[in-house]
Every structure is written in structure tokens, then in C-alpha cells.
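A short write-up of the structure that comes next.
No value in this document is a laboratory result; all are computed from the given coordinates. Just so it is clear, the model here is predicted, and its values are computed rather than measured. We place every Cβ from the backbone using ideal geometry, glycine too, and count neighbours over all the protein chains shown.
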């Protein structure tokens with residue numbers, strides 16, 4: 001036994017702390033869970049969970065919603081968010097159990113503490129999509145495969161393969177850490193060692209299962225990826241005024257990376273980088289290199305892919321468990337140093353509090369508006385103001401249609417030609433009908449923009465009046481306000497009046 005190794009604490013203290021952390025995760029992730037209306041891709045989750053699609057590339061959550069949640073309660077705002085919240089809670093003890101085998105008990109507890117208060121993880125745990133499930137499974141399968149190879153354990157290899165298959169069924173991007181595993185393996189094994197390892201039955205089984213999993217995944221998902229890129233290339237042939245592509249090559253990739261680091265918070269990422277460096281200094285270079293590969297390879301692949309097609313920042317979430325584990329290592333090393341401070345853990349606890357405080361405004365704001373645009377509130381307001389014959393446009397037309405059943409909602413695109421034609425159509429009818437536009441407020445700040453509104457905001461200011469703004473003030477830089485514009489049929493006398501009315505609005509917007 002290594003005399004310099006960290007003494008292993010008894011089961012009772014860490015078990016009590018882990019139980020308390022799990023209970024806190026339950027409170028944070030289930031509080032106000034069904035309070036907010038649907039927004040964004042949650043509508044697609046609703047549709048795909050009610051009507052299962054046979055060729056859906058990410059069917060796992062939809063199956064669970066349909067056969068488990070749908071069997072006991074309606075798939076409403078609360079019902080669709082139950083499983084994501086549950087997966088978010090389970091990630092806390094799971095990250096600890098995995099981290100305990102990798103980096104020690106105290107480092108794993110620090111990682112779990114940071115995860116409980118992570119605004120990024122909290123948001124995805126309260127969002128009716130599959131990302132909290134991807135995080136949960138990605139916190140298991142790469143490390144289980146690593147432990148299976150390191151300890152020559154069939155059970156860990158089997159666990160890694162099973163959770164890897166489930167992760168890919170949750171979303172194909174969960175396969176990306178496998179690339180990091182392969183790069184790490186290539187850096188660790190030399191030719192002579194490979195010959196010796198290949199003589200072991202467990203290694204042959206592991207290699208065969210990884211090859212099988214990778215082959216099946218490639219056969220299934222490569223055609224989908226090619227179709228995705230092809231569809232993006234078709235969009236690039238459209239006229240420029242019909243596109244709202246986010247940024248130039250290079251700048252776009254930097255923006256994606258910064259958006260991801262901002263979601264994790266910069267202090268957490270810096271702590272993780274130092275944690276990997278400390279592992280390297282302590283001659284645990286194999287684990288340090290593994291953590292680096294599991295983060296750099298998937299993120300690098302997605303950044304390269306973004307040169308050819310649209311890539312969401314959320315696709316990088318399979319790398320997030322690495323960040324929390326590495327940050328836990330950093331805090332653990334701080335606690336192990338002999339400082340003049342007493343108790344010795346005071347410095348590491350203070351640094352952990354500072355890391356958590358960096359995300360506190362977003363964490364608190366999560367319970368203000370759920371980081372969602374309130375389309376349900378918009379629908380309530382429009383229900384009282386819409387008249388027969390009115391036309392309604394919204395960029396999230398499916399969501400508005402869900403909350404305004406029986407009302408035809410048109411898709412608000414970046415082309416103002418359709419709006420002009422609709423306005424002329426209403427003018428020709430001469431029945432007093434009105435065109436309404438539901439648009440997100442464009443001055444978002446940070447990394448979130450609304451290019452659709454920016455593309456034709458001049459048209460809106462010339463033809464419409466702002467009637468209502470629906471949103472809640474947050475403590476961070478994000479704004480989720482929705483604006484409702486009323487665009488009456490234009491007449492020669494009213495156009496000048498509209499311009500005079502909107503002059504203060506244009507001035508305030510320019511500021």
C-alpha cells in the first residue's frame with residue numbers, strides 16, 4: 001500500500017454528504033418544473049413522444065416518455081420534464097461513484113457539489129429534451145471502458161458498452177467521446193505492449209465490442225450526417241437576404257467555443273484545466289491525458305464540422321462530465337495542502353464557493369423565467385385581441401399554434417416579402433383585419449442573437465406598432481422577452497403617422 005496515498009474515509013461521512021447533495025439536487029431540479037410553458041425544441045419532444053417515428057436517430061427519451069410517463073400522466077409541461085429532471089438528479093450520485101474510482105472520494109465529492117449548482121446542468125434538467133440523459137450516460141460509459149481496460153474487468157467493460165449504446169440512442173453526439181478514447185489508447189500503447197495486450201482475452205473482447213459499436217453507429221448515422229451537411233449546402237445557395245447564418249468562418253467557431261465555456265462558467269473551466277495539469281504533475285499522466293482527450297477531441301470535431309454545417313453548442317455537453325471531475329481534482333489538491341489556515345479545507349471550500357458564485361445569477365434567474373420565452377403568455381394576450389380574419393406570424397409558429405388551437409399561425413422567416421404580400425392582401429379585403437407579429441427581442445447580449453428579427457426589423461418599424469412586451473427581468477445578461485407587433489393595412493395617411501409614432505422607439509432601440 002502506498003504510504004503517501006490519501007487515507008480512505010469511512011463510508012458514513014461521504015454517504016451522508018452525497019445523500020444531502022442528492023436531496024439538494026432534487027429540490028433544485030424539480031422546483032417550478034412545470035411552471036413554464038413550452039418553448040423551442042420542447043414542442044418537437046411533445047410531438048415525437050406522442051407519435052413515435054420509426055427512423056428517429058435519437059429515440060430513447062421518446063420511447064420512455066411514450067411508454068413510461070404517458071402511461072401514468074399527460075405529456076404536458078410537467079410530464080415531459082419529469083425524466084430530464086430525474087436524469088439530472090441521478091447524474092449527481094453517478095458522477096460521484098465514477099469519480100471515486102478515478103480521482104478519489106474527496107475529489108468526487110467536490111465534483112458533485114459543483115454539478116449540483118451548475119446553471120448549465122440545471123437548465124437542461126428542466127428542459128424537455130434529452131441532454132440531461134446524454135450527460136448522465138456520458139458520465140459513465142467512457143470511464144467504465146477506461147476502468148475495464150485498466151483493471152481488466154469484464155463487468156466494467158460490459159457496463160461501458162451498455163451505457164454507450166444507450167447514450168448513442170439518446171443522441172448520436174454521445175458517441176464523440178469514443179474518439180477521445182481511441183486517441184488516448186493510441187498514445188498509451190506501443191507495438192510491443194499491443195502484442196502483449198492482444199494476448200489477453202478481456203482486451204480482445206473489449207476491442208471487438210468497441211469495433212462493433214462503432215461500426216453499427218457509423219452505418220446508421222453517417223448517412224444522416226451526410227444528409228445534414230447536404231441540406232446545409234442547399235441553404236447556402238439561397239439568396240443572402242433569405243439567410244441568417246451566424247458569423248464568418250473562424251469567428252463562428254470561436255463564438256461556439258466561448259458560448260460553451262460561458263455556459264460552464266469560466267472559473268469552472270480554469271479549475272478543470274489546472275486539475276488536469278495537477279494530475280499530470282503527480283505522474284498520473286494516463287488519466288490526465290484521458291480527460292484531455294475526452295474533452296478536446298469531441299469539441300475539436302464539432303468545431304471542424306461547424307465549417308460545413310450548423311452545429312449547436314449543446315452538442316458539446318457529452319464532454320461536460322470531464323470538466324466537473326477535473327475541477328474536483330483541483331479543489332481536492334487545494335484541500336490536501338498544508339496551509340496556515342484552519343481548518344485545512346477552508347481555502348478549497350472558498351474557491352468552490354467562488355466557482356459556484358460565478359453562475360449564481362443564471363442559477364437564480366432560472367426560476368424567474370425558466371430561460372424560456374413565454375409563448376403561453378403571448379397566446380393568452382392574443383386570445384383577447386385577435387379578431388376573425390387577422391393574420392399571425394411567429395418564428396416559433398408551432399409553439400404558438402399549440403397554445404392557440406384553431407388559429408392559423410404562419411412561419412416568420414427572414415424574408416419580409418411574405419409580410420408585405422399579407423399586408424397588401426388585408427388592405428384589399430377592406431374588412432378591418434390586422435397582421436400580428438410575435439418576435440423575440442433582439443438585444444440579447446452575450447452569445448445569443450435573433451438574426452431573424454434583425455433581418456427585417458426596419459420593415460417592422462415602418463409598418464407596425466409595438467403593442468405588448470412579455471417577459472421577466474433576469475439577473476444575468478440574457479433576455480427572453482417576446483414582443484407583439486400590430487401591423488394594420490397601410491394607407492397613405494397612416495404611413496406618415498406610423499413613422500412619427502415609431503420615432504421614439506427607433507431612438508431607444510439605437511441606444
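What to note about this one:
- Sites residue 408 and residue 339 - FRET efficiency at Förster radius 56 Å, r taken between beta-carbons, to 0.05: 0.25
- What the Cα convex hull of region 310-443 gives, in volume per residue, is 158 Å³.
- Taking each residue as 0.36 nm, the span from residue 73 to residue 280 lengthens on full extension beyond its C-alpha to C-alpha distance by 69.5 nm.
- Relative contact order of region 93-161, pairs being alpha-carbon contacts under 8 Å that are 6 or more residues apart, as %: 24
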